[in-house]
Amino acid sequence: MKEVFIVSGTTSGLGLAFAKKITGEDKEVYSISRARNKKNDFIPQKNHFSCDLSLTFEVKKTMARIMRSLDFENISSITLINNAGMIKPIGNVGTNSLELVNQNINVNLVVPIAMAEIFICAVQYLPISKHILNVSSGAARNPYAGWSSYCASKSGLDMFTRCVGEEQKEQENPIKVIAIAPGVIDTKMQDEIREVPQEQFKMVSRFIDLKQNEKLLPPDFVADKLLELLYSGETETGGCYDIRDFIDEKQGR
């Protein structure tokens, strides 16, 4: 019997850290990302699915292929991790590319909803351990000038999580679904933020300071903690959490 994990956005950062943490003899990882590089070599080629995560129809086809390939009779648990995220466009409303706004909402909200729809439809009846982890953000609860699309999409993901949680409480074979803001992690997204001119994002200096003062959380530490919280009694289905409520400042350093 195997534990199965489906993880989006595994090319680098937190998604790659998730994939590394859950790779093992009794575990099987299915990765979905735009590209497969040398860092992903530990994932078998057959288990990696190249997909543009801003295109819902591509994601739908990819998730359907994964679900058709699973041998449910030999699975002890199954987990979907909606990790892929997009920060751009950064700038005040009225100055942003509508194409980037559309991509942002798709990657951060529409696609996680689509993946959850297909996942739940396929596994709801199974009397095994089932989980969905939606990677949220502190921006879901706090407004940032210049991050309107990102804040709105992550806020929507939190509410989606809460709604699915209410639905799952009524199911015979419920799926535990939670959203967790992972804190400020040392990833490529942070690189993108620090490169933005201050006139586009007035809080950029704060993120530069976090990097310079080594206050960014390592992806491996965050992946460990999020998985721990997903499976622990500290969280309940439909809940939206922040990793900073479960760690102190010295952890992860």
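Numbers at a glance
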item	result
Filtered residues of the range 179-227 (kept if of a type in the set (D, E, K, R) and either crowded, with 19+ Cβ neighbours inside 10 Å or in contact (Cβ under 8 Å) with a residue 12 or more places away in the chain (or both))	Asp186, Lys188, Glu192, Arg194, Lys202, Lys211, Glu214, Lys215, Asp220, Asp224, Lys225
Filtered residue count, the range 73-85, keeping only those that are surrounded by 15 or more Cβ atoms within 10 Å (Cβ to Cβ) and more than 17 Å from Gln103 (Cα to Cα)	6
Test: residue in the range 204-219 that is of a type in the set (A, V, I, L, M, F, W, C), under 20 Å from Val111 (Cβ atoms) and modelled with pLDDT of 95 or more	no
Test: residue in the range 222-231 that is out of contact with any strand residue (DSSP E or B) (no Cβ under 8 Å at 6 or more places or on another chain) and within 17 Å of Ile87 (Cα to Cα)	no
Spans of strands (runs of 3 or more DSSP E) in the range 1-80 with at least 1 residues farther than 27 Å from Asn173 by Cα and of a type outside the set (A, V, I, L, M, F, W, C)	27-33, 48-50
Any hit, the range 160-176, residues being among the small types (Gly, Ala, Ser), under 28 Å from Ser97 (Cα atoms) and either part of a helix (DSSP H, G or I) or touching a strand residue (DSSP E or B) at 6+ places or on another chain (Cβ under 8 Å) (or both)	no
Matching option when the condition is outside any helix (DSSP H, G or I), hydroxyl-bearing (Ser, Thr, Tyr) and crowded, with 18+ Cβ neighbours inside 10 Å, among Tyr241, Tyr150	Tyr241
Test result for Met115, in a loop (DSSP other than H, G, I, E, B) and within 14 Å of the chain's Cα centre (by Cα)	no
Residue match in the range 206-217 (condition: over 23 Å from the mean Cα position of the chain (by Cα) and either assigned to a loop (DSSP other than H, G, I, E, B) or under 22 Å from Ser8 (Cβ atoms) (or both))	yes
Lys176 vs. criteria crowded, with 16+ Cβ neighbours inside 10 Å and of a type outside the set (Val, Ile, Thr)	yes
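Residue-wise test of (1) charged (D, E, K, R); (2) surrounded by 13 or more Cβ atoms within 10 Å (Cβ to Cβ); (3) closer than 25 Å to Leu227 by Cα.
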position	(1), (2), (3)
Ile43	no, yes, yes
Lys46	yes, no, yes
Phe57	no, no, no
Arg68	yes, no, no
Asp71	yes, no, yes
Gly91	no, yes, no
Ser97	no, no, no
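The values are calculated or read from the model by the stated rules, or taken from the named source; none is laboratory data. Everything numeric here is computed off the predicted structure, so don't read it as measured data. Glycine gets a Cβ as well: all are built from the backbone with ideal geometry, and neighbour counts include every protein chain shown.
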